[in-house]
Amino acid sequence: MECTDDLLKILKAEKFQNNDENKIGILPKNCSAECDAVTLGIGMDVKAEKDLLKMLPQCKFIGVDPDPDKSGKPFIEVTKGKYIEGAVGVSAGFYNSTVLSLF
């Protein structure tokens with residue numbers, strides 16, 4: 001824990017509010033530098049990415065999510081970035097997944 005605590009003190013992390021959650025971004029030391037913004041789990045909501053894009057307009061965006069229609073298309077429209085259809089899990093491999101639709 002001690003190493004993690006020290007690392008979190010050094011990192012410049014900021015919360016970006018989505019409609020139903022916060023996404024955490026670790027920002028570059030120089031906010032005018034080129035960077036890559038990676039979203040793991042877009043979650044059908046790109047409000048956080050819109051706000052991050054305003055703060056870091058020079059950065060490239062990459063988003064990963066299993067739903068190309070509800071997450072991928074809005075992500076690409078807002079960020080003009082690269083969308084990867086997939087999910088992030090604990091173990092490497094190929095698995096069947098289900099996307100729950102609440103809308």
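The values are calculated or read from the model by the stated rules, or taken from the named source; none is laboratory data. Note that the structure is a prediction, hence the values are computed from the model and not measured. Quick reminder, even Gly has a Cβ in these numbers, built from the backbone with ideal geometry, and neighbours come from all protein chains shown.
What the table below lists for this structure:
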{"item": "Cβ-Cβ under 7 Å pairs, at least 6 apart or on other chains, region 23-42 side within 23 Å of Val90 (Cβ to Cβ), far side among the β-branched types (Val, Ile, Thr) and exposed (fewer than 14 other Cβ atoms within 10 Å of the Cβ)", "result": "Leu40/Val88; Gly41/Val88"}
{"item": "Wholly within the chain, strands (runs of 3 or more DSSP E) carrying at least 3 residues that are at pLDDT 90 or above and either surrounded by fewer than 12 Cβ atoms within 10 Å (Cβ to Cβ) or within 15 Å of the chain's Cα centre (by Cα) (or both)", "result": "36-40, 60-65, 82-85"}
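Results for (1) touching a strand residue (DSSP E or B) at 6+ places or on another chain (Cβ under 7 Å); (2) not hydrophobic (A, V, I, L, M, F, W, C), shown as yes or no for each residue.
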| position | (1), (2) |
| --- | --- |
| Cys59 | yes, no |
| Val64 | yes, no |
| Asp67 | no, yes |
| Ser71 | yes, yes |
| Gly81 | yes, yes |
| Phe94 | no, no |
| Thr98 | no, yes |
